[in-house]
1. Along the charge dipole of the range 43-108, Cβ charges K/R +1 and D/E -1, which of F89, P102, Q64 sits furthest on the positive end?
2. Suppose every Lys and Arg Cβ carries +1 and every Asp and Glu Cβ carries -1, with no other charges. What dipole size does the range 1-107 come out with about its Cα centre, to the nearest 20 debye?
3. Over the chain, what percent of the accessible surface lies on carbon and sulfur atoms, probe 1.4 Å?
4. Under the 0.36 nm per residue contour assumption, what length would be gained going from the current alpha-carbon distance of Q137 and Q93 to full extension?
5. Given contacts defined as C-alpha pairs under 8 Å and at least six residues apart, what's the relative contact order of the range 1-137, whole-number percent?
6. Using a Gaussian network model of the chain whose springs link C-alpha atoms within less than 10 Å, name the residue from R38, R113, R219 with the highest mean-square fluctuation.
7. Quick query: amide H of G14 versus all other amide H atoms, modeled in the peptide plane; which residues come in under 5 Å with a sequence gap of 5 or more or a different chain?
8. Between T221 and L9, what is the spin-label point distance in nm, taking each point 7 Å from the Cα along the Cα→C-beta axis?
Amino acid sequence: MITDQDIFLFDLRGYLILEGAIDPDHVKELNSILDELRNLKPGDWQGYVHGHVFQSTKEGINLQQIYEGGEPFERLIDNPSWIDHVMTFVGGQDSFDSHHGPLFIDENFANIRGPGESIGLHGSPVPWSKRGQFHVQNQEFNCGQINILMALTDIGPDDGPTMVIPGSHKSNFINPELSLSHIKARDGAVDGATGAIEVHMKAGDALLFVDTISHGSKRITTGKRRTIVY
């Protein structure tokens, strides 16, 4: 269940860490399927799962439409660890009929990265877009997109941890360190971005954040990093 403290911290920071959101047996099931899909190349398909990269292979391989990877991935859609949070922060439940419901999935993918790989800082409320907005009125949230980033491996300082700039979802001015086109920091990593913090996670933890918060990941120095984003 969502708590008043969750609501306070999400409004303040733009993110929450949900520890132990996925049980260990479920994590094993997900990793077992990814073992079979990890060598999919950009542009290739396996069933309805698509190999993809955002900008370059330096950001790792994405397995788009990963909810088509099997029942363990379908089970993540309405996971009780986060579904009430997502509905609360997206808001507008009363404006949808029972057939369509309050939510839809914009994008979902698994990401696998190795040493030297990262993704640059991106996300900002400037310029404003309805799709990515963070908005609260009369004590009710109306956020354009909420992301759930799930760790399938332990992600510590050397494992390419996700980085966020807390509070940046409310900023009114563009961060001068970032560019407006696919916002990036310095050499493409977020290691040195002012105000950015590392989010360390254990396998099974989930990071919930509003899409407009500035986020990216630090460069991996050792090991492999496996995450899923819905």
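1. Farthest towards the positive pole: Q64.
2. Computed about the Cα centre, the dipole is about 500 debye.
3. 52 percent
4. Working: separation 44, 0.36 × 44 = 15.84 nm, distance 1.45 nm.
Residue separation times 0.36 nm, minus the Cα-Cα distance, leaves 14.4 nm.
5. So the answer I get is 22 percent.
6. The residue that fluctuates most here is R38.
7. G167
8. Result for the modelled spin labels: 2.7 nm.
The values are calculated or read from the model by the stated rules, or taken from the named source; none is laboratory data. Remember, it's a predicted structure, so these values are computed and weren't measured experimentally. Glycine gets a Cβ as well: all are built from the backbone with ideal geometry, and neighbour counts include every protein chain shown. The area values use the complete protein model at the heavy-atom level, side chains included, leaving out ligands, DNA and RNA. Shrake-Rupley method; radii C 1.70, N 1.55, O 1.52, S 1.80 Å.
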